[in-house]
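Following: one structure in structure tokens, then a few remarks.
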Amino acid sequence: MPNEIARVRVTATRWVSDEPIPGVVEVLLQDADGKIWQFVDKAPMFDDAFLLVRDSVYPVDFEIECTVLGRRIRDGRPVVEISTAHPWGLEAVDGTFQFEVAATQVRDSD
């Protein structure tokens, strides 16, 4: 169903900086074509369970919330078009916030 809130699998790869408080982390999202998208933001923007702290052992696989914009079959594979702009306002470092990802990377939000 379009515009449903879901969760997409991502990987935090490193702690970037302690400043600004509470600290900044790098998170990567792989799209359906294998392209890696980089996000860099304050740790709580990605994680409210405190998995991402300076002393975490990186990489850390986890999920972020996103909005499902559509689902389709592309080249015989199910893909999901998502937006990371809603609900938490996340954008890749180049400003991109809409992605097509493999359907296996997305699950319903709890």
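The values are calculated or read from the model by the stated rules, or taken from the named source; none is laboratory data. Note that the coordinates shown come from a computational prediction; the quantities given were computed from them, not determined experimentally. Here the Cβ is made from the backbone with ideal geometry for all residues, glycine too, and neighbour counts use every protein chain on show.
Taken together, the residues in the range 61-75 that are out of contact with any Asp or Glu (no Cβ under 8 Å at 6 or more places or on another chain) and either within 16 Å of GLY34 (Cβ to Cβ) or outside any strand (DSSP E or B) (or both) amount to 1. Surrounded by fewer than 14 Cβ atoms within 10 Å (Cβ to Cβ) and modelled with pLDDT of 95 or more: is that true of VAL68 in this structure? No, not satisfied.
The residues of the range 53-110 that are farther than 15 Å from ASP31 by Cβ, among the small types (Gly, Ala, Ser) and in contact (Cβ under 8 Å) with a residue 60 or more places away in the chain amount to a single one, SER109. A single member of PRO20, PRO78 is under 17 Å from ALA102 (Cβ atoms) and either part of a strand (DSSP E or B) or not basic (Lys, Arg) (or both), and it is PRO78.
Scoring PRO44 on the criteria (1) touching a strand residue (DSSP E or B) at 6+ places or on another chain (Cβ under 9 Å); (2) outside any loop (DSSP other than H, G, I, E, B); (3) closer than 26 Å to ASP108 by Cβ leaves a single failure, condition (1). Filtered by the rule that a residue be surrounded by 12 or more Cβ atoms within 10 Å (Cβ to Cβ), within 11 Å of the chain's Cα centre (by Cα) and not hydrophobic (A, V, I, L, M, F, W, C), the range 36-65 gives GLN38, ASP47, GLU63, GLU65. Test LEU90 against the stated conditions and say whether it is at pLDDT 95 or above and part of a loop (DSSP other than H, G, I, E, B). So LEU90 passes the test.
Name the residue that is farthest from PRO59 (Cα to Cα), counting only residues in the range 7-30 that are touching a residue at least 60 places away in the same chain (Cβ under 8 Å) and buried (at least 18 other Cβ atoms within 10 Å of the Cβ).
Just the residues of the range 7-30 that are touching a residue at least 60 places away in the same chain (Cβ under 8 Å), to begin with: 7-9, 29-30.
Then drop every residue that is not buried (at least 18 other Cβ atoms within 10 Å of the Cβ), which leaves 8, 29.
Working: VAL8: 16, LEU29: 13 Å.
The residue in question is VAL8.
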